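Chemist: I have a structure I would like to understand better, so I am pasting it below and will then ask my questions one at a time.
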Amino acid sequence: MIDLIDADLNRLIVIDASAGYGKSTLLLQLAAHFGLRGEFVSWLNIDETDRNTDNFLAGLISSIEAAGLRLPSLTDAVKSGFLNIRPLAALDQVLLAIEEANKAITLILDDYNHVVGSAVDGFLDALLARQPNNLRLIVAGRGRPGFRLEHLQSAGHALLLEKDRLRFTATEIEDYLGGRASQAEARLLALRTEGWPVAIQLALVWLEWTARNDWSGCVVS
């Protein structure tokens, strides 16, 4: 999955799946992968309070600064609640700073479902319209985001990963288990769990807990 995202030229990746499909695990792997390549990696965990555009923008700025990109001109704006600058003008300053950084940055927006249907959707449309070439945006949540994803997909600028693409194949299960399951056991485990990542993790816990060396009891259960 990381190879798919890494090789894709799209600068917007949307991960849409319910709980148990490994979104958080995948995001952690992606953050580590891009971080090891020397990129800035900014991660914003979104909640209901971020439906307010000012709160969302303040969190966005803080997460980007925490990644190592300084935005000193916006510090006072955040503290004042953007009294002296319009949010879109502040966004333009953020994107200009990213563009001038001459370094790739990956921005992860996790749990985006909390702000779907709010003004943040329009804010993301504005961000995507102004997106610098060195900015990769990864949006994860339960359900489709409210910004113009279909438009970007049709233009070939967005990659959508839904639960069917997050399922483990038998080969991926065999690799994940590090040789602790045979090909036949991995195929059976894929069939029994339908490739559901959390079920694969629970199967591994079961094996370790029972201190067994085969999967027969687990895959039959």
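The values are calculated or read from the model by the stated rules, or taken from the named source; none is laboratory data. On a predicted model such as this, the values are computed, not experimentally measured, just so you know. Cβ sites come from the backbone with ideal geometry, for glycine too, and all protein chains shown count toward neighbours. SASA here: full protein model, heavy atoms, side chains in, ligands and nucleic acids out. Shrake-Rupley method; radii C 1.70, N 1.55, O 1.52, S 1.80 Å.
Chemist: Quick one: 3J(HN,Hα) in Hz for region 135-150, Karplus 6.51/-1.76/1.60 with θ = phi - 60°, rounded, Gly and Pro as x.
Modeler: For region 135-150, the Karplus-derived couplings read 10, 9, 10, 10, 10, 10, x, 9, x, 5, x, x, 7, 7, 5, 4 Hz, x marking Gly and Pro.
Chemist: Hey, if we sort 78, 14 by accessible area with the 1.4 Å probe, largest down, what's the order?
Modeler: Ranked list, largest accessible area first: 78, 14.
Chemist: From largest accessible area down, sort 123, 168; use a 1.4 Å probe on the protein chains.
Modeler: Heavy-atom accessible area, descending, gives 168, 123.
Chemist: Take region 81-191, compute every pairwise Cα distance, and split them into 10 Å bins from 0; I just need the percent in each bin.
Modeler: Taking all Cα pairs of region 81-191, the binned fractions are 12, 31, 26, 17, 11, 3, 0 percent.
Chemist: Can I ask one more? Convert each backbone phi in region 58-67 into a coupling constant with the Karplus relation 6.51 cos²θ - 1.76 cosθ + 1.60 (shift: θ = phi - 60°), then list the ³J(HN,Hα) values in order as whole Hz, x for Gly and Pro.
Modeler: Couplings: 4, x, 4, 5, 4, 5, 5, 5, 5, 6 Hz.
Chemist: Using the Cα gyration tensor of region 1-129, with a ≥ b ≥ c the square roots of its eigenvalues, what is the shape: rounded (a/c below 1.5), prolate (a/b larger than b/c) or oblate (neither)?
Modeler: In terms of gyration-tensor shape, oblate.
Chemist: Suppose accessible area is computed on protein heavy atoms with a 1.4 Å probe; arrange 154, 62 from highest to lowest.
Modeler: 154, 62
Chemist: In addition: If you add up the charges near residue 83, with Lys and Arg at +1 and Asp and Glu at -1, over every other residue whose beta carbon is less than 10 angstrom from its beta carbon, what do you get?
Modeler: Taking every other residue near residue 83 into account, the sum is -1.
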